[in-house]
1. Among the residues of the stretch 1-44, what is the count of those that are small (Gly, Ala, Ser) and more than 9 Å from ligand 1 (Cβ to nearest atom)?
2. Pairs please, first residue from the stretch 93-110 and loosely packed, with under 15 Cβ neighbours inside 10 Å, second anywhere and of a type outside the set (Val, Ile, Thr), Cβ atoms under 7 Å, 6+ apart in sequence or on different chains.
3. (1) closer than 23 Å to Ala198 by Cα; (2) at pLDDT below 95; (3) aliphatic (A, V, I, L, M): which one isn't true of Met1, the others all being true?
4. Report yes if Tyr114 is within 17 Å of Ala57 (Cα to Cα) and among the aromatic types (Phe, Trp, Tyr), otherwise no.
5. In the set Arg47, Arg27, which member is open to solvent by 10 Å² or more (accessible area, probe 1.4 Å), among the charged types (D, E, K, R), more than 16 Å from ligand 2 (Cβ to nearest atom) and closer than 21 Å to Asp211 by Cβ?
6. What pairs come out if I take residues in the stretch 11-25 that are part of a helix (DSSP H, G or I) and pair them with residues that are open to solvent by 30 Å² or more (accessible area, probe 1.4 Å) and near ligand 1 (Cβ under 8 Å from one of its atoms) whose C-beta lies under 6 Å away, six or more apart or interchain?
7. Under the condition of being within 16 Å of ligand 3 (Cβ to nearest atom) and basic (Lys, Arg), which residue from the stretch 1-35 is farthest from Tyr223 (Cα to Cα)?
8. Report, by residue number, each residue of the stretch 45-61 that is touching a helix residue (DSSP H, G or I) at 6+ places or on another chain (Cβ under 6 Å) and part of a loop (DSSP other than H, G, I, E, B).
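The values are calculated or read from the model by the stated rules, or taken from the named source; none is laboratory data. Here the structure is a predicted model, which is why all the values come from computation and not from measurement. Here Cβ is always computed from backbone atoms with ideal geometry, including for glycine, and neighbour counts include all displayed protein chains. Note: areas computed on protein heavy atoms with side chains; ligands, DNA, RNA excluded. Shrake-Rupley method; radii C 1.70, N 1.55, O 1.52, S 1.80 Å.
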Amino acid sequence: MAQNIPRHVGIIMDGNGRWAQRQGLLRTVGHRFGTETVQRAMEYMSRAGVSVLTLYAFSTENWKRPEKEIATIMSLLSEYLYKKTPEMRSSGVRLNFIGDLSRIPEESMKAVRYAVDELRNGSGLKVNIALNYGGRAEIVTAVRSLADDVARGRLRPEDITEDMISARLYTADDPDPDLIIRTGAETRLSNFLTWQSAYSELYFTPTLWPDMQDSDFDAALEYYSSRDRRYGGLNNA
Ligand code: IPE
Ligand code: IPE
Ligand code: MG
């Protein structure tokens, strides 16, 4: 296993649709198989000693998809939460959702509340599920809240700091992601952790999300531990 373990790993779980289509199956079948990988990823990251895992499940742009596909994703989410919560509980997972949940169907929200409540005392891996999440929307929300403080005379514009913006994001309690993994061959961030990823190491793999195995996660962590994170300074070597 890799030496230098990231504290916070973000994953853009991409390629479910293509995985299914390549086998002549419906895209939604790919999403179902993708949930198995979610379980593998949580177990792997727990074992590796990662503290926070943020999984990109549904973006603010994913509403552009056919209604039926969206409905399937939402129902797979509740199915997953009801089915896997006992297992997550015994492995000490604490669950948190990031994103604008006001647009999430009530049926799915019931499952979200149930799982979050059941897992609230988890002392192991913290898992953030990004649901109706968009990095830009998140920054807009933070900026509005700062603007409100300015309007009320509680804050002067020149006193606004980077830390104050970080503190008003959904991830306020978490360190910035050290490593972001994207599966499914695309090499973009697609509005994931826009502010927080400023100095993240990025790992892209052509492997489609349902195909990701422990050995693929090993490769990502190996890549991470080989990086020299200079943050604009000089070599540590
Ligand atoms: C990622 O897989 C899951 C979500 C975006 C919800 P995709 O559905 O984007 O799969 P591809 O990229 O079309 O293969
Ligand atoms: C990013 O994947 C969003 C999630 C994995 C939830 P997309 O498939 O939506 O991204 P694009 O459209 O290829 O950029
Ligand atoms: Mg995709």
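1. Taking the stretch 1-44 as the starting set, the residues that turn out to be small (Gly, Ala, Ser) are 2, 10, 15, 17, 20, 24, 30, 34, 41.
Okay, now just the ones that are also more than 9 Å from ligand 1 (Cβ to nearest atom), so 2, 10, 24, 41.
So the count comes out to 4.
2. Pairs that qualify, where the first residue is loosely packed, with under 15 Cβ neighbours inside 10 Å and the partner is of a type outside the set (Val, Ile, Thr), are Leu101/Met109; Leu101/Leu131; Leu101/Asn132; Arg103/Asn132; Pro105/Met74; Glu107/Ser78.
3. (1)
4. Working: within 17 Å of Ala57 (Cα to Cα): no; among the aromatic types (Phe, Trp, Tyr): yes.
When the stated conditions are applied, Tyr114 does not pass them.
5. Working: Arg27 fails: more than 16 Å from ligand 2 (Cβ to nearest atom).
Sole residue among the options that is open to solvent by 10 Å² or more (accessible area, probe 1.4 Å), among the charged types (D, E, K, R), more than 16 Å from ligand 2 (Cβ to nearest atom) and closer than 21 Å to Asp211 by Cβ: Arg47.
6. Gly17/Arg27; Ala20/Arg27
7. For the stretch 1-35, the residue satisfying everything is Arg27.
8. Thr60
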